[in-house]
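The values are calculated or read from the model by the stated rules, or taken from the named source; none is laboratory data. Small disclaimer: the values here were computed from a predicted structure and weren't measured. Ideal geometry is used to build each Cβ from the backbone, glycine not excepted, and the neighbour counts take in all protein chains shown. Note: accessible area is taken over every heavy atom of the protein model, side chains too, but ligands, DNA and RNA are not part of it. Shrake-Rupley method; radii C 1.70, N 1.55, O 1.52, S 1.80 Å.
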Amino acid sequence: MKQQLETIRQSALAAIERTAQLKELDDLRVRYLGKKGELTALLKQMGGLSPEERPVIGQLANEVREALANAIAVQSKRLEEAALNARLASETLDVTIPGKKPQLGHKHPMSIVLDELKDVFLGMGFQIAEGPEIEMASYNFTKLNTEEGHPARDWQDTFYLREDSSLLLRTQTSPMQVRVMENQKPPIRIIAPGRVYRKDEVDATHSPMFHQIEGLVVDKGITMADLKGTLDSVLKALYGPNTVTRFRPHHFPFTEPSCEVDVQCHACGGVGCRVCKGEGWIEVLGAGMVHPKVLEGCGIDTEVYSGWAFGAGVERLVLRRFSIADLRLIFENDIRFLNQF
Ligand code: PHE
(Lines give C-alpha, C1' and ligand atoms only; values in the text may rest on other atoms or scores of the structure.)
Protein backbone atom coordinates (compact mmCIF):
# COMPACT_ATOMS: atom_id res chain seq x y z
CA MET A 1 0.00 0.00 0.00
CA LYS A 2 2.91 2.19 0.72
CA GLN A 3 4.04 1.51 -2.80
CA GLN A 4 0.64 2.41 -4.18
CA LEU A 5 0.65 5.70 -2.28
CA GLU A 6 4.04 6.60 -3.69
CA THR A 7 2.91 5.75 -7.22
CA ILE A 8 -0.13 8.00 -6.83
CA ARG A 9 2.05 10.79 -5.46
CA GLN A 10 4.49 10.65 -8.33
CA SER A 11 2.05 10.32 -11.21
CA ALA A 12 -0.30 12.91 -9.73
CA LEU A 13 2.47 15.50 -9.18
CA ALA A 14 3.74 14.96 -12.71
CA ALA A 15 0.24 15.28 -14.17
CA ILE A 16 -0.45 18.46 -12.18
CA GLU A 17 2.71 20.05 -13.44
CA ARG A 18 1.81 19.24 -17.02
CA THR A 19 -1.58 20.97 -16.95
CA ALA A 20 -1.98 23.98 -19.18
CA GLN A 21 -5.51 24.89 -18.25
CA LEU A 22 -7.44 25.46 -15.04
CA LYS A 23 -10.13 23.05 -16.19
CA GLU A 24 -7.60 20.22 -16.56
CA LEU A 25 -6.26 20.99 -13.11
CA ASP A 26 -9.72 20.79 -11.57
CA ASP A 27 -10.29 17.43 -13.28
CA LEU A 28 -7.09 16.15 -11.64
CA ARG A 29 -8.20 17.44 -8.24
CA VAL A 30 -11.44 15.45 -8.56
CA ARG A 31 -9.62 12.40 -9.88
CA TYR A 32 -7.15 12.16 -6.96
CA LEU A 33 -8.65 14.00 -3.97
CA GLY A 34 -12.40 13.84 -4.70
CA LYS A 35 -14.83 11.67 -2.73
CA LYS A 36 -14.57 9.01 -5.41
CA GLY A 37 -10.92 9.80 -6.07
CA GLU A 38 -8.02 7.38 -6.20
CA LEU A 39 -6.51 8.43 -2.87
CA THR A 40 -9.83 8.22 -1.07
CA ALA A 41 -10.42 4.76 -2.53
CA LEU A 42 -7.05 3.59 -1.26
CA LEU A 43 -7.63 4.94 2.27
CA LYS A 44 -10.88 2.99 2.46
CA GLN A 45 -8.77 -0.21 2.39
CA MET A 46 -6.87 0.82 5.55
CA GLY A 47 -9.24 -1.36 7.66
CA GLY A 48 -7.35 -4.41 6.39
CA LEU A 49 -3.98 -3.27 7.79
CA SER A 50 -2.32 -4.44 10.97
CA PRO A 51 -2.40 -2.09 14.01
CA GLU A 52 1.35 -1.42 13.59
CA GLU A 53 1.05 -0.54 9.92
CA ARG A 54 -2.05 1.65 10.25
CA PRO A 55 -0.50 4.84 11.76
CA VAL A 56 2.48 4.65 9.42
CA ILE A 57 0.32 4.37 6.29
CA GLY A 58 -2.13 6.94 7.73
CA GLN A 59 0.61 9.45 8.11
CA LEU A 60 1.96 8.78 4.64
CA ALA A 61 -1.50 9.13 3.15
CA ASN A 62 -1.93 12.53 4.81
CA GLU A 63 1.45 13.62 3.51
CA VAL A 64 0.50 12.61 -0.04
CA ARG A 65 -2.86 14.38 0.24
CA GLU A 66 -1.19 17.56 1.47
CA ALA A 67 1.50 17.41 -1.20
CA LEU A 68 -1.13 17.06 -3.94
CA ALA A 69 -3.30 19.84 -2.53
CA ASN A 70 -0.26 22.11 -2.35
CA ALA A 71 0.86 21.31 -5.85
CA ILE A 72 -2.66 21.99 -7.17
CA ALA A 73 -2.76 25.38 -5.40
CA VAL A 74 0.65 26.37 -6.74
CA GLN A 75 -0.18 25.26 -10.29
CA SER A 76 -3.56 26.98 -10.16
CA LYS A 77 -1.90 30.26 -9.26
CA ARG A 78 0.65 29.83 -12.02
CA LEU A 79 -2.06 29.14 -14.63
CA GLU A 80 -4.12 32.13 -13.50
CA GLU A 81 -1.13 34.41 -13.83
CA ALA A 82 -0.28 33.02 -17.26
CA ALA A 83 -3.88 33.55 -18.42
CA LEU A 84 -3.81 37.15 -17.15
CA ASN A 85 -0.50 37.86 -18.83
CA ALA A 86 -1.75 36.43 -22.10
CA ARG A 87 -4.82 38.69 -21.92
CA LEU A 88 -2.77 41.75 -21.07
CA ALA A 89 -0.44 41.05 -23.96
CA SER A 90 -3.28 40.66 -26.45
CA GLU A 91 -5.07 43.77 -25.24
CA THR A 92 -2.15 46.17 -25.02
CA LEU A 93 -2.98 49.73 -25.94
CA ASP A 94 -0.27 52.20 -26.74
CA VAL A 95 -1.62 55.40 -25.28
CA THR A 96 1.33 57.35 -26.68
CA ILE A 97 0.25 56.85 -30.33
CA PRO A 98 -1.17 60.15 -31.62
CA GLY A 99 -4.98 60.09 -31.95
CA LYS A 100 -6.95 60.20 -35.18
CA LYS A 101 -8.38 63.69 -35.63
CA PRO A 102 -11.95 63.65 -36.92
CA GLN A 103 -12.28 66.11 -39.80
CA LEU A 104 -14.66 68.83 -38.69
CA GLY A 105 -16.68 70.74 -41.23
CA HIS A 106 -17.15 74.46 -41.07
CA LYS A 107 -19.59 77.15 -42.01
CA HIS A 108 -20.40 77.86 -45.66
CA PRO A 109 -19.42 81.43 -46.67
CA MET A 110 -23.15 82.21 -46.98
CA SER A 111 -23.69 81.15 -43.38
CA ILE A 112 -20.66 83.15 -42.23
CA VAL A 113 -22.06 86.38 -43.67
CA LEU A 114 -25.65 85.62 -42.63
CA ASP A 115 -24.51 84.94 -39.06
CA GLU A 116 -22.50 88.16 -39.03
CA LEU A 117 -25.54 90.11 -40.24
CA LYS A 118 -27.80 88.47 -37.69
CA ASP A 119 -25.32 89.31 -34.91
CA VAL A 120 -25.24 92.99 -35.91
CA PHE A 121 -29.02 93.30 -36.18
CA LEU A 122 -29.79 91.31 -33.03
CA GLY A 123 -27.36 93.63 -31.23
CA MET A 124 -29.49 96.56 -32.41
CA GLY A 125 -32.67 95.01 -30.99
CA PHE A 126 -34.02 93.43 -34.18
CA GLN A 127 -35.82 90.09 -34.15
CA ILE A 128 -35.69 87.41 -36.86
CA ALA A 129 -38.88 86.65 -38.82
CA GLU A 130 -39.43 83.72 -41.16
CA GLY A 131 -42.03 83.17 -43.83
CA PRO A 132 -43.00 80.95 -46.78
CA GLU A 133 -41.07 80.66 -50.03
CA ILE A 134 -44.32 79.67 -51.76
CA GLU A 135 -46.16 82.96 -51.48
CA MET A 136 -49.47 84.49 -52.51
CA ALA A 137 -49.22 87.05 -55.30
CA SER A 138 -51.20 89.41 -53.08
CA TYR A 139 -48.35 89.41 -50.53
CA ASN A 140 -45.52 89.38 -53.04
CA PHE A 141 -47.01 92.20 -55.13
CA THR A 142 -50.46 93.68 -54.45
CA LYS A 143 -50.08 94.51 -50.77
CA LEU A 144 -46.65 95.92 -51.67
CA ASN A 145 -48.29 98.52 -53.91
CA THR A 146 -47.28 96.58 -57.01
CA GLU A 147 -50.44 96.49 -59.13
CA GLU A 148 -51.37 94.23 -62.04
CA GLY A 149 -49.38 95.21 -65.08
CA HIS A 150 -46.18 95.99 -63.20
CA PRO A 151 -43.24 94.48 -65.11
CA ALA A 152 -42.06 92.52 -62.05
CA ARG A 153 -45.30 90.51 -62.24
CA ASP A 154 -44.51 89.32 -65.76
CA TRP A 155 -44.59 85.56 -66.42
CA GLN A 156 -41.16 86.08 -67.95
CA ASP A 157 -39.74 87.07 -64.57
CA THR A 158 -41.71 85.12 -62.03
CA PHE A 159 -42.30 81.42 -61.25
CA TYR A 160 -46.09 81.15 -60.95
CA LEU A 161 -47.55 77.98 -59.52
CA ARG A 162 -51.10 78.44 -60.82
CA GLU A 163 -52.69 79.44 -64.12
CA ASP A 164 -54.46 82.34 -62.41
CA SER A 165 -51.12 83.76 -61.12
CA SER A 166 -52.33 83.75 -57.51
CA LEU A 167 -49.50 81.63 -56.10
CA LEU A 168 -45.78 81.90 -56.85
CA LEU A 169 -42.25 81.34 -55.62
CA ARG A 170 -41.59 84.66 -53.89
CA THR A 171 -39.45 87.01 -56.00
CA GLN A 172 -38.30 89.00 -52.96
CA THR A 173 -38.38 88.82 -49.16
CA SER A 174 -40.46 92.03 -49.05
CA PRO A 175 -43.78 90.13 -48.52
CA MET A 176 -42.37 89.53 -45.04
CA GLN A 177 -42.92 93.26 -44.37
CA VAL A 178 -46.65 92.72 -44.85
CA ARG A 179 -46.76 89.41 -42.99
CA VAL A 180 -45.06 90.96 -39.95
CA MET A 181 -47.09 94.20 -39.96
CA GLU A 182 -50.35 92.24 -40.23
CA ASN A 183 -49.45 90.21 -37.16
CA GLN A 184 -47.48 92.58 -34.97
CA LYS A 185 -48.15 96.03 -33.59
CA PRO A 186 -45.38 98.67 -33.74
CA PRO A 187 -42.72 99.13 -32.55
CA ILE A 188 -41.43 96.61 -35.10
CA ARG A 189 -37.78 95.80 -35.72
CA ILE A 190 -37.25 92.62 -37.76
CA ILE A 191 -34.96 91.08 -40.29
CA ALA A 192 -36.16 88.25 -42.54
CA PRO A 193 -33.50 86.26 -44.39
CA GLY A 194 -34.51 83.60 -46.93
CA ARG A 195 -34.58 82.23 -50.45
CA VAL A 196 -36.17 84.05 -53.38
CA TYR A 197 -36.75 82.99 -57.01
CA ARG A 198 -36.67 84.75 -60.36
CA LYS A 199 -36.59 83.50 -63.94
CA ASP A 200 -32.92 84.21 -64.56
CA GLU A 201 -30.36 82.16 -66.45
CA VAL A 202 -27.36 81.03 -64.40
CA ASP A 203 -24.23 83.09 -65.01
CA ALA A 204 -21.42 84.71 -63.00
CA THR A 205 -23.85 87.15 -61.35
CA HIS A 206 -27.31 85.52 -61.72
CA SER A 207 -29.12 82.46 -60.42
CA PRO A 208 -32.85 81.57 -60.53
CA MET A 209 -32.65 80.99 -56.76
CA PHE A 210 -30.80 83.31 -54.44
CA HIS A 211 -31.06 84.73 -50.95
CA GLN A 212 -32.22 88.06 -49.67
CA ILE A 213 -32.35 89.59 -46.26
CA GLU A 214 -35.22 91.95 -45.60
CA GLY A 215 -35.26 94.54 -42.80
CA LEU A 216 -38.20 96.47 -41.44
CA VAL A 217 -38.51 99.13 -38.74
CA VAL A 218 -41.85 100.72 -37.82
CA ASP A 219 -42.16 103.07 -34.87
CA LYS A 220 -43.09 106.62 -33.91
CA GLY A 221 -40.89 109.31 -35.47
CA ILE A 222 -38.85 107.05 -37.76
CA THR A 223 -37.13 109.03 -40.54
CA MET A 224 -34.71 108.57 -43.42
CA ALA A 225 -31.95 109.45 -40.93
CA ASP A 226 -32.65 106.17 -39.07
CA LEU A 227 -32.45 104.27 -42.35
CA LYS A 228 -29.14 105.86 -43.31
CA GLY A 229 -27.56 105.58 -39.86
CA THR A 230 -28.53 101.94 -39.39
CA LEU A 231 -27.51 100.75 -42.86
CA ASP A 232 -24.25 102.69 -42.70
CA SER A 233 -23.34 100.98 -39.39
CA VAL A 234 -24.34 97.55 -40.68
CA LEU A 235 -22.21 97.88 -43.81
CA LYS A 236 -19.25 99.13 -41.73
CA ALA A 237 -19.68 96.13 -39.41
CA LEU A 238 -19.65 93.80 -42.41
CA TYR A 239 -16.93 95.42 -44.55
CA GLY A 240 -14.79 97.28 -42.02
CA PRO A 241 -14.89 100.71 -40.34
CA ASN A 242 -13.44 102.57 -43.34
CA THR A 243 -16.28 101.56 -45.62
CA VAL A 244 -17.78 104.49 -47.54
CA THR A 245 -21.50 104.29 -48.36
CA ARG A 246 -23.63 106.24 -50.83
CA PHE A 247 -27.42 106.58 -50.83
CA ARG A 248 -28.67 107.09 -54.38
CA PRO A 249 -32.31 107.94 -55.27
CA HIS A 250 -34.21 105.04 -56.80
CA HIS A 251 -37.72 103.70 -57.20
CA PHE A 252 -39.51 100.82 -55.50
CA PRO A 253 -43.31 100.62 -55.53
CA PHE A 254 -43.51 99.93 -51.79
CA THR A 255 -41.16 102.61 -50.45
CA GLU A 256 -41.27 106.39 -50.82
CA PRO A 257 -38.76 107.89 -50.99
CA SER A 258 -36.60 104.97 -52.16
CA CYS A 259 -32.89 104.59 -52.59
CA GLU A 260 -30.20 102.18 -53.59
CA VAL A 261 -27.18 101.91 -51.37
CA ASP A 262 -23.70 101.64 -52.86
CA VAL A 263 -20.40 100.82 -51.20
CA GLN A 264 -17.27 102.49 -52.51
CA CYS A 265 -15.20 100.01 -54.51
CA HIS A 266 -12.61 98.36 -52.24
CA ALA A 267 -10.34 97.62 -55.20
CA CYS A 268 -9.91 101.15 -56.59
CA GLY A 269 -11.17 103.40 -53.79
CA GLY A 270 -13.83 104.99 -55.99
CA VAL A 271 -11.70 105.83 -59.04
CA GLY A 272 -13.22 103.15 -61.23
CA CYS A 273 -11.75 99.75 -62.14
CA ARG A 274 -12.59 96.30 -63.49
CA VAL A 275 -14.13 95.11 -60.21
CA CYS A 276 -16.68 97.99 -60.11
CA LYS A 277 -16.96 98.10 -63.91
CA GLY A 278 -15.55 101.62 -63.95
CA GLU A 279 -18.25 102.93 -61.62
CA GLY A 280 -16.16 103.39 -58.47
CA TRP A 281 -19.19 102.11 -56.51
CA ILE A 282 -20.84 98.74 -56.00
CA GLU A 283 -24.58 98.53 -55.40
CA VAL A 284 -25.40 96.37 -52.36
CA LEU A 285 -29.06 96.88 -51.47
CA GLY A 286 -32.37 98.64 -51.98
CA ALA A 287 -34.19 100.56 -49.28
CA GLY A 288 -36.66 103.31 -48.52
CA MET A 289 -39.35 104.69 -46.25
CA VAL A 290 -42.27 102.24 -46.15
CA HIS A 291 -44.98 103.57 -48.49
CA PRO A 292 -48.03 104.93 -46.59
CA LYS A 293 -50.30 102.71 -48.76
CA VAL A 294 -48.43 99.62 -47.52
CA LEU A 295 -48.61 100.72 -43.87
CA GLU A 296 -52.32 101.53 -44.10
CA GLY A 297 -53.04 98.27 -45.91
CA CYS A 298 -51.71 96.54 -42.77
CA GLY A 299 -53.86 98.70 -40.48
CA ILE A 300 -51.04 100.93 -39.26
CA ASP A 301 -51.94 104.58 -38.58
CA THR A 302 -49.62 106.71 -40.72
CA GLU A 303 -50.43 109.77 -38.60
CA VAL A 304 -48.66 108.07 -35.70
CA TYR A 305 -46.17 105.67 -37.27
CA SER A 306 -43.61 105.65 -40.02
CA GLY A 307 -41.03 103.07 -41.04
CA TRP A 308 -38.16 102.13 -43.27
CA ALA A 309 -37.22 98.91 -44.99
CA PHE A 310 -34.37 97.41 -46.93
CA GLY A 311 -33.69 94.33 -48.99
CA ALA A 312 -30.23 93.03 -49.79
CA GLY A 313 -29.03 90.13 -51.92
CA VAL A 314 -27.00 87.91 -49.59
CA GLU A 315 -24.90 86.27 -52.35
CA ARG A 316 -23.83 89.70 -53.54
CA LEU A 317 -22.79 90.66 -50.01
CA VAL A 318 -20.81 87.42 -49.77
CA LEU A 319 -19.04 87.96 -53.12
CA ARG A 320 -17.99 91.43 -52.01
CA ARG A 321 -17.05 90.30 -48.50
CA PHE A 322 -14.62 87.58 -49.70
CA SER A 323 -13.71 89.04 -53.11
CA ILE A 324 -15.25 86.07 -54.95
CA ALA A 325 -15.52 86.59 -58.70
CA ASP A 326 -18.24 84.10 -59.68
CA LEU A 327 -21.62 83.57 -58.03
CA ARG A 328 -21.75 79.94 -59.16
CA LEU A 329 -18.95 79.01 -56.75
CA ILE A 330 -21.39 79.63 -53.89
CA PHE A 331 -23.76 76.86 -55.06
CA GLU A 332 -21.41 74.37 -56.68
CA ASN A 333 -20.20 72.93 -53.37
CA ASP A 334 -16.71 72.31 -54.72
CA ILE A 335 -14.74 71.25 -51.67
CA ARG A 336 -11.58 72.97 -52.99
CA PHE A 337 -13.48 76.25 -52.89
CA LEU A 338 -15.26 75.67 -49.59
CA ASN A 339 -12.07 74.61 -47.79
CA GLN A 340 -10.73 78.12 -48.14
CA PHE A 341 -13.12 79.60 -45.57
N1 PHE B 1 -37.41 93.93 -52.55
C2 PHE B 1 -36.54 94.84 -53.25
C3 PHE B 1 -35.79 94.07 -54.34
O4 PHE B 1 -35.86 92.86 -54.36
C5 PHE B 1 -35.52 95.49 -52.31
C6 PHE B 1 -36.15 96.41 -51.30
C7 PHE B 1 -36.58 95.93 -50.08
C8 PHE B 1 -36.28 97.75 -51.57
C9 PHE B 1 -37.12 96.79 -49.12
C10 PHE B 1 -36.85 98.61 -50.65
C11 PHE B 1 -37.23 98.11 -49.44
O12 PHE B 1 -35.16 94.64 -55.19
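Structural remarks
- For region 228-341, the relative contact order comes to 17 percent (Cα pairs under 8 Å, sequence separation of at least 6).
- Surface/4 of the Cα convex hull for region 138-244, nm²: 8.9 nm²
- Distances between placed amide hydrogens fall under 5 Å for residue 244 paired with 264, all partners being 5 or more residues away or on another chain.
- Residues of type lysines that residue 293 reaches as a straight line, Cα spacing below 20 Å, ignoring anything fewer than 8 places off in the same chain: 143, 185, 220
- Here residue 124 sits with roughly 70 square angstrom of accessible surface, probe radius 1.4 Å.
- Accessible area, probe 1.4 Å, largest first, for residues 46, 136: 136, 46
- Here the calculated FRET efficiency for residue 333 and residue 166, from their Cβ-Cβ distance with R0 = 35 Å, stands at 0.50, rounded to the nearest 0.05.
- Inverse of mean 1/r across different Cα pairs in the chain, Kirkwood, Å: 27.2 Å
- Mean separation of Cα contacts under 8 Å (6+ apart) over length of the chain, as relative contact order %: 14 percent
- Measure of compaction for region 197-341 (Cα Rg per 2.2 N^0.38 Å): 1.18
- In the assembled protein chains, residue 42 presents an accessible area of approximately 10 Å² (probe radius 1.4 Å).
- Shown in residue order for region 60-76 are the 3J(HN,Hα) couplings computed by the Karplus curve 6.51 cos²θ - 1.76 cosθ + 1.60 at θ = phi - 60°: 4, 4, 4, 4, 4, 4, 5, 4, 5, 4, 4, 4, 5, 4, 4, 5, 4 Hz (x for Gly and Pro).
- Estimated from the Cβ-Cβ distance and a Förster radius of 45 angstrom, the FRET efficiency linking residue 159 and residue 100 is about 0.45.
- Relative to the current alpha-carbon distance between residue 279 and residue 6, full extension at 0.36 nm per residue lengthens the span by 86.8 nm.
- Taking label points 7 Å from Cα along the Cα-to-Cβ direction, residue 202 and residue 236 give a separation of 4.0 nm.
- Accessible area (Å², 1.4 Å probe, nearest 10) - residue 256: 110 Å²
- Mean separation of Cα contacts under 8 Å (6+ apart) over length of region 1-159, as relative contact order %: 21 percent
- Take the Kirkwood radius over Cα pairs of region 117-156, plug it into Stokes-Einstein at 20 °C and 1.002 mPa s, and you get 170 µm²/s for translational diffusion.
- Relative to the longest principal axis of the Cα atoms of the chain, the long axis of helix 22-33 makes an angle of roughly 20 degrees.
- The order of 268, 276 by accessible area, most exposed first and with a 1.4 Å probe, is 268, 276.
- Using θ = phi - 60° in the Karplus curve 6.51 cos²θ - 1.76 cosθ + 1.60, the 3J(HN,Hα) couplings for region 141-150 round to 10, 4, 5, 9, 6, 10, 6, 3, x, 5 Hz; x is entered for Gly and Pro.
- Convex hull projection area averaged over all views, region 224-293, Cα basis, nm²: 4.8 nm²
- Along region 277-282 the Karplus relation, 6.51 cos²θ - 1.76 cosθ + 1.60 evaluated at θ = phi - 60°, assigns HN-Hα couplings of 6, x, 7, x, 10, 10 Hz to successive residues, with x for each Gly and Pro.
- The lysines within cross-link reach of residue 35, meaning a Cα-to-Cα straight distance under 28 Å and a gap of 8 or more places when in the same chain, are 2, 23, 44, 77.
- Nitroxide proxy distance, nm - points 7 Å out along Cα→Cβ at residue 91 and residue 116: 5.3 nm
- For residue 158, the residues whose amide H sits under 5 Å from its own are 199, ignoring neighbours fewer than 5 places away on the same chain, with H placed 1.01 Å from N.
- The equivalent ellipsoid that matches the C-alpha gyration tensor of region 1-103 spans semi-axes of 47, 11, 9 angstrom, in descending order.
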